[in-house]
């Protein structure tokens, strides 16, 4: 089976819950702190496409930067969201789980089961 990668921020409560859940179940995964290892625009676009979800699901709408950039008044396609998230990683919804050809924004964390 292909490896599971979790893109997260260690201070995020939901990210910690997912990490603990996977560890308790004995699931092996790679943990990527995207603040320490920024994701390039190309990788973010790949995650959006792998998810099959609308690009805006990848945006944290409660972040101050979201309001500051007036994103609630804009319609963004996948490429625009990827460019935005590469420049402003704090706007990325988390955690994101990826395995092979699929990815999910794991909110709620149970969504990670879609990858098994």
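Computed values, structure above
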quantity: Segment 51-105 versus segment 1-33: alpha-carbon centroid distance in Å; calculated: 19 Å
quantity: Two-site FRET efficiency, residue 62 against residue 1, from Cβ-Cβ distance with R₀ of 30 Å, rounded to 0.05; calculated: 0.30
quantity: The chain - share of DSSP beta bridges that are antiparallel (%, nearest 5); calculated: 70 percent
quantity: Estimated 222 nm signal from helices in the chain, with DSSP H stretches of n ≥ 4 weighted -39500 (n - 2.57), rounded to 500; calculated: -9500 deg cm²/dmol
quantity: Helix 78-87 vs. the chain, principal-axis angle (Cα, 0 to 90°, nearest 10); calculated: 90 degrees
quantity: Area projected by the alpha carbon convex hull of the chain, averaged over all directions, nm²; calculated: 6.8 nm²
quantity: Peptide ranges 28-37, 97-106, 83-92 listed from the most packed, as the mean C-beta count within 10 angstrom indicates; calculated: 97-106, 83-92, 28-37
quantity: Segment 1-67: Cα Rg divided by the 2.2 N^0.38 Å rule of thumb; calculated: 1.23
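Where a number appears in this text, it was derived from the coordinates with a stated rule and is not lab data. Bear in mind the structure is a predicted one, so any value in this text is a computation, not a measurement. Note that each Cβ is placed from the backbone with ideal geometry, even for glycine, and that neighbours are counted across all protein chains shown.
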